Amino acid sequence: MELLVASAIGVMTAGGIYLVLRLRTFPVILGVSLLTYAVNVYLFASGRLTIGAPPILTDGVETYTDPLPQALVLTAIVISFGMTAVVVMIGLGAYLGSEDDHVDDRPATQKADDQA
Amino acid sequence: MSLFYIVLLPFLGALLPGIMNAAGRAACAGVTFVVTLGAFVGLMTNLPAIIAGETVQASIEWLPRLGLNFTLMLDGLGFFFSLLILGIGLLIIAYARHYLSRDDHMGEFFTYLLLFQGAMVGIVLSDNILLLLVFWELTSLSSFLLIGYWKHLPEGRQGARMALTVTGMGGLAMIGGMLILGRIVGSYDLSVILQNRELIQDSPLYLPALILILLGCFTKSAQFPFHFWLPHAMAAPTPVSAYLHSATMVKAGIFLMARLWPVLSGTPEWIVIVTTAGLITMVLGALIALFKHDLKALLAFSTVSHLGLITMLLGTSTAFGAMAAVFHILNHATFKAALFMSAGIVDHEAHTRDIRRLGGLRTLMPVVFTIATVAALSMAGIPFLNGFLSKEMMLEEATHTVLFGSDWLVPVLATVGSLLSAAYCFRFIGHTFLGPVRDDYPHKPHDPNMGMWMPPAILAVLVVVIGTAPFLAEPFVKLVTASLLGAAAEVPDAYLAIWHGLVPALYMSIIAVLGGLLLMLVFAPLLRAWEATPRPEAKAIFDWVVNGAAALAGRVIHGLHNGAFTRYAMIAMVTIVAAGYHAWATGTVGPATRAVQPAGPVPVAGWAMLVAAVIGMVVLHRNRFLALMLIGIVGLMVSVAFVFLSAPDLAMTQFTVEVVTIILMLLALNFLPNRTPVESTLLRRVRDGGVAILGGLAAFALSWHYMLRDAVAAPISEFHLANSYKGGGGTNVVNVILVDFRGFDTYGEIIVLGIAALLIYALTETLLDGPVRRKLLNRLPSQPRSGDMHPMMMVVLTRVIMPVVLLVGFYIFLRGHNEPGGGFIAGLIVSIAVVMQYMASGFAWTSARLRYPYHGVIGAGVLVAGFTGIGSWFVAKPFLTSDFTYVRIPPFQEFELATAALFDLGVFLAVVGAVMLSLESFSRLAHRDGDTDSEFPMDIDPSREEIGPDQPDAPVTGKGVG
């Protein structure tokens, strides 16, 4: 189980990094989302993995999983939606304003070529 | 009056001139005058205590753990300087009232002036050296505003910038020096520092502290080689020059040297550095002043010269020198302020300050002539005027000072300085006021009204009174000297008198005055020789240094920060991985303490889907729709993993967030290109892939390592599990943590979420107001539109499902405290229900049925949560303390009422508002020209006969969310 989670975190991180290094806004946003998943799962895993012991207090049950990382990750998921939305909006605004969705400032000469 | 009020009054009063500006110039100056007078009177109420030799103190703890307290202290020295600052301040305010023209914004001027005044009073009254530093920097900033007050003049702006640069850098050095000093003594309180002379002077850190502190003092007091900023600050209005350069700003450095004199002076280092700097400044300043044609520049360099004189006196480290310094500070403040004001009057009346265009003003401006002559002769050191007395004392001190093993160096240079000083004073009088009346003044001068000449006249009277009856000033000077010397030395017996017998100082004085007169006789050839001599131009050097530094900084910054985001991201990734590797390689890892848990086929299948989806995204990311679908799979698998790993709340949240995120991305894709073109080279892709794999491996290794080991320190989670039901009244520990244990965090988070949504709304508004609007309106859809964008089946289905979803949301919300659920999840579910209406029935139809704006919903959520928190104040509990009780209303079962549920309601509302506002903003962009807002939910409705699908004017309607 641990191996699956750890490797999933690794795969999502690698995919996220690769997409973040792309040149257009949309793949970069997707890459950031992937990284968000990786980080959230990573934080969640800091409570160690427990199967079948949700932190819902029940009479007669003694073992519960660690609730604290869950609470922290829950808000992180919601906040990351807000963050994604803002980034998408900024990317969209930039594209609509300049008809260009590159994330990098390009050298002035290249821009002049585009306009010519 | 408490010392706090004396310091605070100017700062608080600084608000008034701006308000009073509309009430007229007299009111504006009047209120400033009254504020300063208030502080002045407050200072005077402390006079009896000062005369009795007491030290008045006042203290408020500010940051005691840093040793920074708001501690004020008033002793003789502080009183003396406060008196100069506030007393001359009063005269300057009266003078400025008449000096400033109607075009000048008076409220602004007096606001700056009061800020400056407060900062200066703060410096001289601070008992804590950190507090002193704060005020020190405040004087740099406020003097910047004052010097650059005439913003339309380039000289004003450049002079202000130069003054700020030089004094600001000195201030930085001084911060270092003060921190070292505080470290040596172990306290930042002046009263403690001043008791530890031996400790400080024996410390190996004494020299660095001394040099850093002196850098601060020398820059502020314009000592060589930092003297060059002061003349450029003359671009300021004359009242500012008179105030800053006679009694205040430049005296701050002198004050600090005097304040720390008991602990810093007397060492060979101090004597050599301070005396030499003072001596050079004195001679150099006087020499340059002699050949300046601008009246204010002449006075500026004479100020430099006199500051050098005072510095030199403090440098000699004798009690007599200190007393002479105190006396000269007083005398210099009186005659120099009077001279600046006189020069200002001449400028104001004749419209020029160029001494070559003046002359003969004696008969035209008899009053100003008298005032200026008295003051200038005092500066020249003519008997029966106060300047003579202190200059005599300086020369006396010089004859006893040995520097670099030579006993003639100081007396000779002091005499030369006095000689030059006398010469420029004579030039000031002779070339401005004496000589024949001319007829080519830019403006025919005459004496100004009384408001303008009265302030310098008062000072001129003081000059004469002190000069003829020095015994009147003697007790006060000795009182101040005693407080300056502290325990380090006894106040000398020498008395202030006009006649001390035929002492060497008298002969030196005579040489100086006669030599000065002689220089005037041969001034014309001297000037030609001076102008033929090449001299370094301070401003050019300064500009060269500043421009060089700016160019260097520009190259470094543009090189590092070139706008290539991918490069920053790459550097960040590589750095993080490298840092992590370093930590792993140098740290220790204990053996694994947890067993690996077996994984069944289901988790493996989920894992395979996730990995396949990620790989698919990387390979196929150029097809943006496909990539979006694949990321949906990743999110789904993460949700499933949460279910499996005992985190039902997380699973529900992740799942619902996934839905709204995908909708949001789809909305964005509506405007973006659907494909990403191939741009990067293969090499680049391989490189990025390498970095990505490296990062992935690092993340894998890190998670793998710690998942197999128990936490190093016991987690605090046990506390939450143990107290969730007892203290929070809920069995869902995650929810209790969110709304109770860490409610304050959650409160912050919903506010952040609300801000993010408002930001999106604001960006949308900006886009729709700007040039983009036209583009959006005329945009052609990139893909063919569906003929039936709002199909009947979907409309009916969503309509039917709406109450069911709302019910589910309500249920999830209510049970959240005890079972998986809660405000966050309920909010997301309800948002999805509303979004479905938008998608099915169109934007216009749904908006028309919207009763509350989403901003309001966000605000209501934050307020509900906030008021729930405040509610606990009424039972004298801290913010957000929760309470709960169990009630039973027949025929229902017993149920729980908790304040936490109310808080969760706030969370719910904020989440609904934020999600909906974000999505709504995106869909507003989609509106195109030619779209008609359909008032009907469905495009095709058989029951509606007037508009059918075959009619040409109603084909593609609505600005559907999808």
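Distance in nm between label sites at B:VAL805 and B:LEU777, each 7 Å beyond Cα in the beta-carbon direction?
3.3 nm
Could you pull out every one of the lysines with an alpha carbon less than 30 Å from that of B:LYS726, ignoring same-chain neighbours closer than 8 positions?
B:LYS877
Considering the Cα positions of region B:378-436, please state its Rg to one decimal place and its Dmax as a whole number of Å.
According to the Cα coordinates of region B:378-436, Rg and Dmax are 14.0, 50 Å.
What are the equivalent ellipsoid semi-axes of region B:311-358, built from the alpha-carbon gyration tensor (square roots of five times its eigenvalues), in whole angstrom, biggest first?
35, 11, 5
When the chain is fully extended, how far beyond the present Cα-Cα distance does B:ILE716 get from B:ILE19, taking 0.36 nm per residue of separation?
Full extension from B:ILE716 to B:ILE19 adds 245.4 nm.
Could you work out the helix-only [θ] at 222 nm for the protein assembly as shown, with each DSSP H run of four or more residues adding -39,500 (n - 2.57) and the total divided by the number of residues, to the nearest 500 deg cm²/dmol?
Helices in the protein assembly as shown give a 222 nm mean residue ellipticity of -22500 deg cm²/dmol.
Roughly how large, in nm² to one decimal, is the mean projection of the convex hull of the alpha-carbon atoms in chain B?
So the mean shadow area of the Cα hull is 57.6 nm².
Could you tell me, in Å, what Rg and Dmax come out for the Cα atoms of region B:556-609?
Here Rg and the maximum Cα pair distance are 19.9, 56 Å.
Just to check I understand the Karplus step: with θ = phi - 60° and J = 6.51 cos²θ - 1.76 cosθ + 1.60, what whole-Hz values come out for region B:420-428, glycine and proline as x?
With coefficients 6.51, -1.76 and 1.60, one gets 5, 4, 4, 4, 6, 5, 5, 5, 4 Hz.
What stretch of chain B, leaving out the sites themselves, is the longest with no GluC sites (Glu not before Pro) in a DSSP loop having at most 15 other Cβ atoms within 10 Å?
Between exposed loop sites, the widest span is B:55-489.
Please go through region B:543-604 and write out the trypsin sites (Lys or Arg not before Pro) that DSSP classes as loop and that have at most 16 other C-beta atoms within 10 Å.
Within region B:543-604, the qualifying trypsin sites (Lys or Arg not before Pro) (loop, at most 16 other Cβ atoms within 10 Å) are B:ARG594.
Quick one: what are the phi-derived ³J(HN,Hα) couplings along region B:890-904, Karplus 6.51/-1.76/1.60 with θ = phi - 60°, whole Hz, x for glycine and proline?
For region B:890-904, the Karplus curve yields x, x, 6, 6, 4, 9, 9, 10, 10, 5, 4, 5, 5, 4, 5 Hz.
Pull out the extension gain between B:ILE557 and B:ALA469, defined as 0.36 nm times the separation in residues minus the alpha carbon to alpha carbon distance; nm, one decimal.
Stretched out fully, the B:ILE557 to B:ALA469 stretch lengthens by 25.4 nm.
So what does the Cα-only Debye profile of region B:723-962 read at q = 0.08, 0.11 Å⁻¹, as log10 I(q)/I(0), no solvent term?
The calculated log intensity ratios at q = 0.08, 0.11 Å⁻¹ are -0.41, -0.69.
Once you sort the root eigenvalues of the Cα gyration tensor of region B:739-811 as a ≥ b ≥ c, which label holds: rounded (a/c under 1.5), prolate (a/b larger than b/c) or oblate (the other case)?
Judged from the Cα gyration tensor, region B:739-811 comes out oblate (a/c at least 1.5, b/c at or above a/b).
Among the trypsin sites (Lys or Arg not before Pro) in region B:182-236, which ones are in a DSSP loop with at most 11 other Cβ atoms within 10 Å of the Cβ? Mind listing them?
Listed in order of number, the matching sites amount to none.
Could you give the C-alpha radius of gyration of the protein assembly as shown expressed as a fraction of 2.2 N^0.38 Å, taking N as the number of residues it contains?
It is 1.26.
Throw me the Rg/Rh for region B:384-493, computed over C-alpha atoms with Kirkwood Rh, two decimals.
Ratio value, two decimals: 1.10.
Explain nothing, just compute: Karplus ³J(HN,Hα) = 6.51 cos²θ - 1.76 cosθ + 1.60, θ = phi - 60°, for every residue of region B:802-813 in order, whole Hz, x for Gly and Pro.
Residue by residue, region B:802-813 yields 3, x, 5, 5, 4, 5, 4, x, 4, 5, 4, 5 Hz.
Mind jotting down a quarter of the surface of the convex hull over the alpha carbons of chain A, in square nanometres, one decimal?
With every direction weighted equally, the projected area is 9.0 nm².
With no solvent and one equal point scatterer placed on each C-alpha of region B:818-887, evaluate the Debye formula and give log10 I(q)/I(0) for q = 0.12, 0.14, 0.23 Å⁻¹, two decimals.
Ignoring solvent entirely, the Cα scatterers give -0.53, -0.67, -1.09.
Under the rule of at least 5 residues apart or a separate chain, name every residue whose amide H is placed under 5 Å from the amide H of B:THR881.
Amide H to amide H, under 5 Å and 5 or more residues apart or across chains, B:THR881 pairs with B:SER872.
Counting Lys +1, Arg +1, Asp -1, Glu -1, what net charge surrounds B:ALA252 among other residues with beta carbon under 13 Å of its beta carbon?
+2
Tell me, what is the FRET efficiency for B:ASN449 and B:GLU108 to the nearest 0.05, using R0 = 25 angstrom and their Cβ-Cβ distance as r?
FRET efficiency, B:ASN449 to B:GLU108: 0.60.
Using only Cα atoms, locate the centre of region B:49-70 and the centre of region B:228-266, then give the distance between them in Å, rounded to an integer.
24 Å
When the chain is fully extended, how far beyond the present Cα-Cα distance does B:THR586 get from B:ILE541, taking 0.36 nm per residue of separation?
11.2 nm
Pop a pseudo-label 7 angstrom from the Cα along the beta-carbon direction at both B:VAL503 and B:ILE832 and give the gap in nm to one decimal.
For B:VAL503 paired with B:ILE832, the spin-label model returns 9.6 nm.
What is the calculated FRET efficiency for B:ARG567 to B:VAL619, with r their C-beta to C-beta distance and R₀ = 22 Å, to the nearest 0.05?
Plugging the Cβ-Cβ distance into 1/(1 + (r/R0)^6) gives 0.35.
Shape verdict for region B:291-338, please, from the Cα gyration tensor: rounded (a/c under 1.5), prolate (a/b greater than b/c) or oblate.
Oblate is the answer for region B:291-338, as a/c is 1.5 or above yet b/c matches or exceeds a/b.
Using a Förster distance of 41 Å, how high is the FRET efficiency between B:LEU768 and B:ALA26, based on the Cβ-Cβ distance and rounded to 0.05?
Once rounded, the FRET efficiency stands at 0.25.
Considering amide H positions built from the backbone, and no H for Pro or chain starts, which residues 5 or more places from B:ASN128, or on another chain, come under 5 Å of its amide H?
Hits under the 5 Å cutoff: B:THR71, B:LEU190.
Could you check the simple spin-label distance between A:ASP104 and B:LEU527, using points 7 Å along Cα→Cβ, in nm with one decimal?
Each label point is offset 7 Å from its Cα along the Cβ direction, giving 6.4 nm.
Using a/c under 1.5 as the rounded threshold, could you call region B:266-521 rounded, prolate or oblate? The axes a ≥ b ≥ c are square roots of the C-alpha gyration tensor eigenvalues, and prolate needs a/b larger than b/c, oblate otherwise.
prolate
Taking the alpha-carbon distance from B:LYS478 and a cut-off under 14 Å, which aspartates and glutamates remain once sequence neighbours fewer than 8 residues away in the same chain are dropped?
B:ASP75, B:GLU490, B:ASP493
How many percent of the alpha carbon pairs in region B:321-400 exceed a separation of 22 Å?
In whole percent, the share of Cα-Cα pairs in region B:321-400 beyond 22 Å is 34.
Considering amide H positions built from the backbone, and no H for Pro or chain starts, which residues 5 or more places from B:PHE226, or on another chain, come under 5 Å of its amide H?
When sequence neighbours closer than 5 places are left aside, there are no close amide H contacts.
Beyond 21 Å between alpha-carbons counts as too far, so tell me which of B:LYS292/B:LYS336; B:LYS151/B:LYS292; B:LYS292/B:LYS539; B:LYS251/B:LYS391; B:LYS251/B:LYS296; B:LYS220/B:LYS391 fall in that bin.
B:LYS151/B:LYS292; B:LYS220/B:LYS391
Which of B:ALA512, B:ILE557, B:GLY827 sits farthest toward the positive end of the charge dipole of the protein assembly as shown, with +1 on the Cβ of Lys and Arg and -1 on the Cβ of Asp and Glu?
The one lying farthest along the dipole's positive direction is B:ALA512.
Laboratory data are not the source of any read-out in this text; all were calculated from the coordinates shown. Model, not experiment: these values are computed from the prediction. As a convention, Cβ positions derive from the backbone with ideal geometry for all residues, glycine included, and neighbour counts pool all protein chains shown.
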